[in-house]
Amino acid sequence: MTTNTAALAEISTLVIDSVRPAALAEFYRGVLGGQITHSDDDYAALDAGSVQLAFPRTEDYQAPAWPGGTKQVHLDLKVSHLDAAEKELLGLGATKPDFQPGGGDWVVLADPEGHLFCIAS
């Protein structure tokens, strides 16, 4: 067990590489709510209340392979109703990979640019 220590820093923003920053910010605004605070071809930002997301344009971005490959960071999102949230997220443009290791406890999805995220209730 570890003990709490004073923080040296706090997370201010989660930065997610993107090919189409404005479109990806809109997708996550649909998922998390909030307000887009900047949006152009090179950069977009979302203030979702408890979290800030930034989407810089990255020419050589490649989506992580799933399963296996070079999985990068992913978001875990808590939802009220797993099946209903999955349906809504797919309607917003998410995709559902065939490989689902959660055994029904959670669902792995990918945003429109292939970044993975999981939903669980």
For this session: Being more than 16 Å from ALA110 (Cα to Cα) and aliphatic (A, V, I, L, M) is the filter here, so list the residues in segment 1-23 that pass it.
Result: MET1, ALA6, ALA7, LEU8, ALA9, ILE11, LEU14, VAL15, ALA22
Problem set entry | Residue among ASP76, ASP60, ASP98 that alone is of a type in the set (Asp, Glu), within 12 Å of the chain's Cα centre (by Cα) and outside any helix (DSSP H, G or I) | ASP76
Exercise. Can you name the residue in segment 101-121 that is part of a loop (DSSP other than H, G, I, E, B) and either free of Cβ contacts under 8 Å to residues at least 24 places away in the same chain or of a type in the set (A, V, I, L, M, F, W, C) (or both) and, of all such residues, is surrounded by the most Cβ atoms within 10 Å (Cβ to Cβ)?
Worked result: GLY102
Exercise. Exactly one of (1) touching a residue at least 40 places away in the same chain (Cβ under 8 Å); (2) surrounded by 11 or more Cβ atoms within 10 Å (Cβ to Cβ) is unmet by SER12. Its number?
Worked result: (2)
Exercise. Is it fair to say GLN62 is at pLDDT 95 or above and closer than 28 Å to GLY102 by Cβ?
Worked result: no
For this session: Tally the residues that are within 16 Å of TYR28 (Cβ to Cβ) and touching a strand residue (DSSP E or B) at 6+ places or on another chain (Cβ under 9 Å), restricting the search to segment 73-121.
Result: 23
Seminar exercise, completed: Matching residues in segment 33-77 (surrounded by 13 or more Cβ atoms within 10 Å (Cβ to Cβ), in contact (Cβ under 8 Å) with a residue 40 or more places away in the chain and more than 15 Å from GLU113 (Cβ to Cβ)) number 2
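The values are calculated or read from the model by the stated rules, or taken from the named source; none is laboratory data. The structure displayed is predicted, hence computed values, not measured ones. Positions of Cβ are generated from backbone atoms using ideal geometry, with glycine treated the same way; all protein chains shown enter the neighbour counts.
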